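The values are calculated or read from the model by the stated rules, or taken from the named source; none is laboratory data. A quick note: this is a predicted structure, and the numbers were derived from the prediction, not measured. Heads up, the Cβs are rebuilt from the backbone with ideal geometry, glycines too, and the neighbour counts pull from every protein chain shown. Heads up: the accessible areas ignore ligands, DNA and RNA and are worked out on the full protein's heavy atoms, side chains in. Shrake-Rupley method; radii C 1.70, N 1.55, O 1.52, S 1.80 Å.
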Amino acid sequence: MQLTVWTYEGPPHVGAMRIATAMRGIHYVLHAPQGDTYADLLFTMIERRDERPPVSYTTFQARDLGTDTAQLFKRAAQEAYERFRPQALLVGASCTAELLQDDPGGLAKALDLPVPVIPLELPAYQRKENWGAAETFYRLTRALLGPGRPTPEAKVRHDPPRCNLLGPAALGFRHRDDTTEITALLNRMGIEVHVTAPAGASPADLQRIPEADFNVVLYPEIAGSTAQYLERCFGMPFTREQPIGILGTQAFIREVAALAQVPAEPALTGSPARSAWYSRSVDSNYLTGKRVFIFADATHAVAAARMARDELGFTVVGLGTYAREQAREVREAARLYGLEALITDDYLEVEKHIAATQPELVLGTQMERHIAKRLRIPCAVISAPAHVQDYPARYSPQMGFEGANVLFDTWVHPLMMGLEEHLLTMFSEDREFHNEAAPSHLPAAARAPAQAPAPAEARDAGARCWSSEAEQELQKVPFFVRGKARRNTERFAQERGLALITLETLYDAKAHYSH
Amino acid sequence: MSAPQVAGALPGPDSPSVARSGRGQREVFCGLTSIVWLHRKIQDAFFLVVGSRTCAHLIQSAAGVMIFAEPRFATAIIEDRDLAGLADANDELDRVVGRLLERRPDIRLLFLVGSCPSEVIKLDLGRAAARLSQAFAPRVRVLNYSGSGIETTFTEGEDACLAALVAELPEAAPAARSLLVVGTLADVVEDQLRRLFAELGIGPVCFLPSRDAADLPPVGAGTVFLLAQPFSTATARALEERGARKLAAPFPLGAEGTTLWLQAAATAFGVDPMHFNRVVAPARARASAALAPYRTQLAGKRVFFFPDSHLEVPLARLLSRELGMQLLEVGTPQLNRQHMASELALLPAGASVREGGDVEEQLDRCRTLRPDLTVCGLGLANPLEAEGLTSKWSIELVFTPIQGYEQAGDLARLFARPLERQMRLRC
Ligand code: SF4
Ligand code: SF4
């Protein structure tokens, strides 16, 4: 048993729902108790979809157990077929039904429906949402395409070259806008997007996937296993680079150009990303060396770290993911920054690390947003799990050159603007710039004292005794750098074996660390 | 508004029709959802769900943006090794509880909350609670109840929790007369009601659940109780088994409902009717005045309830009698005919109350009837809006203080606002 306060991922059948909901012409019959229907609200409330997910639940009750839950499933599947007339039916069980061992796949086959029925085996006590999404997409594609071409013939190259865009799903973080952005980028390169899936695709569209020359994989968490299958059985190569940040996008363009045998230069030169210039402009000087903590799904974590260091000049002080399936990639990336990756899905563990690292900016999921709020650290959300405000009305991709602009804005916005920071330092004794002053564009809540003190571990680690004079002086330091000042001074005192931190120690430490 | 003398009456011949319908999909939360408000009310209690990742995800999704701190609920997620017998589920549970209590020394009362998976694998949480209670006595008491979706619907989770608490209530002296109010109320509502009871001369008055788990109200043959929430079936039964007597009344929603509800207590405590009227008159007048503008907005509008919170029948009564709305269909997950008798008697003749049901058929009926306002769960609200059907999501009705005189206007506004918004928007 695992003690869990907040979870980063739902159960695997929610992943299956993300595929079914993204597509057209699919229906999913889920053997599950009534409470599991909560999952509908993820799509209708958080993502604000205007349709119910195409899912029917059997909603068996205690009194059905041991009598006719299998019968119940058959009826639900039959009725769902008749009512919704899907082109393909997914069937499976949630955690509770898995224990009943009713075999939804076998029961649905026995109904002899005139459409493909794809059974999903998603072990709810081992696996999680992203895995469930990937497995569903793979099973579905495989069921519709079959084992592949026995003898892969020499591939017909299309002119213009054609690719598929694989990965965008329901409840994905900015998947809709990324799809638009990358489709436009590919079109500018003279490449046609043949099928985009799962988002917007029908079962018939999935059957057209092998007609393209190669696959672009936007979210390996979701489309990785499908892309591998398509490579293995249909000889379709696929992309590995993620077009996030300017550097990421450039690498992606080069990779795609090679696969499509088109020149990369036109797309590379004249890049419309303003973020590179903004980052060089003098106002961005204050971003130099900002300590950033990154925790997200693997794709976004690895890409954010690169962009943070190489495109914004930040210092990456923490890098991790909740996705154990992709732990290896994140560990490798962390080594580039001299860090050990934090691989955990324990929210409290993440909080402990952030508190101990005391970063100046957190890039994370909606969970880290809450952690950062408690610790009063600026934060931007860069990955699922996300909340309703992370599905903005405006166009806001994370990928491609426009994505780089969006990321620049959203990461820099929570920080003080350069000028403002200087003013605060200069006028730190003025009443308007008192210690509790926060950036004026942040909600008032951010100015309230933190609801809970930092976890004991974080404080005890370097806690030294402060003279009241030194403590008072520390309070004059603006709050957003106060943690850093305290930490540095305490480390300074510890290294010198000073039991008491005086005013002198404070300024000695300041001098010591300010080069 | 005249207060009819019908408290406790059984439905007569021209009472509303009650149908039990459909065996199809039930689009409702399970009882675990109640933890979202119970943990905020009982401030030194912790709720540990013994369940799956689905259970953890449900509570988190229902709690929405409330992730501000380390909450007083969590899930012990059953894993493959527990199922395969590689780990003894009871040992695992003991280990998890040990870790939890070490982390949270502030916890005095721990609920082990059963889920569908824990019930299907027949994990005996009753025995586990007894064992852990002994191990952590006297610092922590450990109780258990089921919030599973195969046993409970949404607000029934609260009922199961309170029923478990009843067994813990101290025995009142046989002759001691007292009033117990049953069902979670916001603190502000509780305080208003306390003041009213005090002015009426009714006392001592206790509330279940109390804010502080250590402060459990005594119960005995002299206890009479009023249900503040319509879903407290098992709790009422448990209290009756302890000798307490239930006062029949409608629920304290709206000016009329609150008056009848208070009146039931006043009658039981022999309060002089003149005195009663004097005491409640100001607040009751305030409530009626607060409702009046909403009546102008809502009168004649047609409302359709999907089954969800168990609050549907009393809400329908309020909407029809005090706000003049027309009831198209009043769906409710289960109807306790006995507890609901006073409410059903107040519904207009011919109102259609439907118990349970198939969400697809409900949607069909709703689309055919095209109500002015549809009260439904979170999964249905936006899709209905997209079809041009104005909706009110019902979970707000259990998170918002709506009971009592001073909240009557707030309650009416919850129904009026979607319609007002509809009128304001031009594109
Ligand atoms: S319905 Fe059952 S399995 Fe689903 S969340 Fe509720 S208790 Fe857990
Ligand atoms: S409040 Fe205005 S000046 Fe301050 S950071 Fe925001 S935009 Fe800049």
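How many residues are farther than 27 Å from A:Ile246 by Cα, open to solvent by less than 30 Å² (accessible area, probe 1.4 Å) and touching a residue at least 40 places away in the same chain (Cβ under 8 Å) when one looks only at segment A:311-353?
5
Specify which of the listed residues (B:Arg40, B:Arg81, B:Arg26, B:Arg99) is more than 16 Å from ligand 2 (Cβ to nearest atom), part of a helix (DSSP H, G or I) and under 23 Å from the mean Cα position of the chain (by Cα).
Values: B:Arg81 fails: under 23 Å from the mean Cα position of the chain (by Cα); B:Arg26 fails: part of a helix (DSSP H, G or I); B:Arg99 fails: under 23 Å from the mean Cα position of the chain (by Cα).
Of the residues listed, the single one that is more than 16 Å from ligand 2 (Cβ to nearest atom), part of a helix (DSSP H, G or I) and under 23 Å from the mean Cα position of the chain (by Cα) is B:Arg40.
Out of the residues in segment A:169-207 that are without any contact (Cβ under 8 Å) to a residue 24 or more places away in the chain and farther than 16 Å from A:Ala223 by Cα, state the one that is most open to solvent (accessible area, probe 1.4 Å).
The extreme case among them is A:Asn187.
Which one is least open to solvent (accessible area, probe 1.4 Å) among residues in segment A:270-289 that are out of contact with any strand residue (DSSP E or B) (no Cβ under 6 Å at 6 or more places or on another chain) and not in a helix (DSSP H, G or I)? Working first, answer last.
At the first step, the residues of segment A:270-289 found to be out of contact with any strand residue (DSSP E or B) (no Cβ under 6 Å at 6 or more places or on another chain) are A:270-288.
The next check asks that each one be not in a helix (DSSP H, G or I); those that pass are A:270-274, A:281, A:288.
Values: A:Gly270: 75, A:Ser271: 42, A:Pro272: 73, A:Ala273: 14, A:Arg274: 133, A:Ser281: 31, A:Thr288: 99 Å².
Going through the qualifying residues, I end up with A:Ala273.
Go through segment A:365-460 and tell me which helices (runs of 4 or more DSSP H), entirely inside it, have 3 or more residues that are more than 16 Å from ligand 1 (Cβ to nearest atom), open to solvent by less than 40 Å² (accessible area, probe 1.4 Å) and at pLDDT 50 or above.
Values: elements: A:366-375, A:400-412, A:418-426.
Because the criterion is at least 3 residues that are more than 16 Å from ligand 1 (Cβ to nearest atom), open to solvent by less than 40 Å² (accessible area, probe 1.4 Å) and at pLDDT 50 or above, the helices (runs of 4 or more DSSP H) in segment A:365-460 that meet it are A:366-375, A:400-412.
Taking B:Glu156 as meeting all but one of (1) within 19 Å of the chain's Cα centre (by Cα); (2) open to solvent by less than 10 Å² (accessible area, probe 1.4 Å), write down the number of the exception.
Failed condition: (2).
Do we find a residue being polar (S, T, N, Q) and open to solvent by less than 10 Å² (accessible area, probe 1.4 Å) anywhere in segment B:325-341? If you could, list the steps in order and put the result at the bottom.
We begin by selecting, within segment B:325-341, every residue polar (S, T, N, Q); these are B:326, B:332, B:334, B:336, B:338.
Keeping just the survivors that are open to solvent by less than 10 Å² (accessible area, probe 1.4 Å) gives B:332.
The answer is yes; a qualifying residue exists.
Within segment B:114-153, restricting attention to residues that are part of a loop (DSSP other than H, G, I, E, B), surrounded by fewer than 19 Cβ atoms within 10 Å (Cβ to Cβ) and not acidic (Asp, Glu), which residue is farthest from the other protein chains (Cβ to nearest Cβ)? Quick ask: steps written out before the conclusion?
Going through segment B:114-153, the residues part of a loop (DSSP other than H, G, I, E, B) turn out to be B:115, B:121-124, B:137-140, B:147-152.
Still in the running and surrounded by fewer than 19 Cβ atoms within 10 Å (Cβ to Cβ): B:121-122, B:124, B:137-139.
Retained after the next criterion (residues that are not acidic (Asp, Glu)): B:121-122, B:137-139.
On the way: B:Ile121: 6, B:Lys122: 10, B:Ala137: 22, B:Pro138: 24, B:Arg139: 19 Å.
Step by step, filter segment B:114-153, then rank; the result is B:Pro138.
Any idea which of A:Lys74, A:Lys109 is more than 26 Å from A:Thr141 (Cβ to Cβ), charged (D, E, K, R), without any contact (Cβ under 8 Å) to a residue 40 or more places away in the chain and more than 9 Å from every other protein chain (Cβ to nearest Cβ)?
Numbers: A:Lys109 fails: more than 26 Å from A:Thr141 (Cβ to Cβ).
After ruling out the rest, the residue left standing is A:Lys74.
Out of (1) closer than 28 Å to A:Lys373 by Cα; (2) touching a residue at least 40 places away in the same chain (Cβ under 8 Å); (3) more than 7 Å from chain A (Cβ to nearest Cβ), what's the single condition that is false for B:Asp159?
(1)
Taking into account only those residues within segment A:48-59 that are more than 7 Å from chain B (Cβ to nearest Cβ) and within 18 Å of A:Ala108 (Cα to Cα), which is farthest from the chain's Cα centre (by Cα)?
A:Thr58
Which members of segment B:295-327 meet the condition of being closer than 16 Å to B:Ser352 by Cα and hydrophobic (A, V, I, L, M, F, W, C)?
B:Val303, B:Phe304, B:Phe305, B:Phe306, B:Leu311, B:Val313, B:Leu315, B:Ala316, B:Leu318, B:Leu319, B:Met325, B:Leu327
Take A:Asp68 and tell me if it is away from ligand 1 (no atom under 15 Å from the Cβ), modelled with pLDDT under 95 and in contact with a Ser or Thr (Cβ under 6 Å, 6 or more places away or on another chain).
no
Please tell me if B:Pro273 is over 24 Å from the mean Cα position of the chain (by Cα), over 25 Å from B:Pro401 (Cα atoms) and crowded, with 21+ Cβ neighbours inside 10 Å. Give the steps one after another, and end with the answer.
Numbers: over 24 Å from the mean Cα position of the chain (by Cα): yes; over 25 Å from B:Pro401 (Cα atoms): yes; crowded, with 21+ Cβ neighbours inside 10 Å: no.
No, not satisfied.
Testing A:Ser94 on (1) open to solvent by less than 20 Å² (accessible area, probe 1.4 Å); (2) among the small types (Gly, Ala, Ser); (3) modelled with pLDDT under 95, one condition comes back false. Which one is that?
(3)
In segment B:343-402, which strands (runs of 3 or more DSSP E) lie fully inside it and hold 1 or more residues that are charged (D, E, K, R) and surrounded by 17 or more Cβ atoms within 10 Å (Cβ to Cβ)?
Values: elements: B:352-355, B:373-376, B:391-393.
Here the list reads B:352-355, B:391-393.
Residues are listed down the side, and each one gets a yes or a no for (1) more than 21 Å from the chain's Cα centre (by Cα); (2) at pLDDT 95 or above:
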residue	(1), (2)
A:Pro150	yes, no
A:Val156	yes, no
A:Leu165	no, yes
A:Leu185	yes, yes
A:Ala199	no, yes
A:Pro220	no, yes
A:Ala223	no, yes
A:Gln228	yes, yes
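Taking the condition of being more than 16 Å from ligand 1 (Cβ to nearest atom) and either touching a Lys or Arg at 6+ places or on another chain (Cβ under 8 Å) or in a helix (DSSP H, G or I) (or both), how many residues in segment A:16-41 meet it?
The number of residues fulfilling the criteria is 5.
What pairs come out if I take residues in segment B:74-89 that are within 29 Å of B:Ala45 (Cα to Cα) and at the interface with another protein chain (Cβ under 7 Å from one of its Cβ atoms) and pair them with residues that are part of a strand (DSSP E or B) and of a type in the set (S, T, N, Q) whose C-beta lies under 8 Å away, six or more apart or interchain?
Here the result reads B:Ala74/A:Thr4; B:Thr75/A:Thr4; B:Ala76/A:Gln2; B:Ala76/A:Thr4; B:Ile77/A:Gln2; B:Ile77/A:Thr4; B:Glu79/A:Gln2, each pair linking segment B:74-89 to a residue that is part of a strand (DSSP E or B) and of a type in the set (S, T, N, Q).
Could you grab me the full set of residues in segment B:19-56 that are open to solvent by less than 20 Å² (accessible area, probe 1.4 Å), among the small types (Gly, Ala, Ser) and in contact (Cβ under 8 Å) with a residue 60 or more places away in the chain?
Hits for segment B:19-56 are B:Gly24, B:Gly31, B:Ser34, B:Ala45, B:Gly51, B:Ser52.
List every residue pair whose Cβ atoms lie under 8 Å apart, where the two residues are 6 or more positions apart in sequence or sit on different chains, the first residue falls within segment B:196-212 and is within 20 Å of B:Lys246 (Cα to Cα), and the second residue, located anywhere, is open to solvent by 40 Å² or more (accessible area, probe 1.4 Å).
B:Leu200/B:His275; B:Gly201/B:His275; B:Val205/B:Arg194; B:Val205/B:Ala198; B:Cys206/B:Pro218
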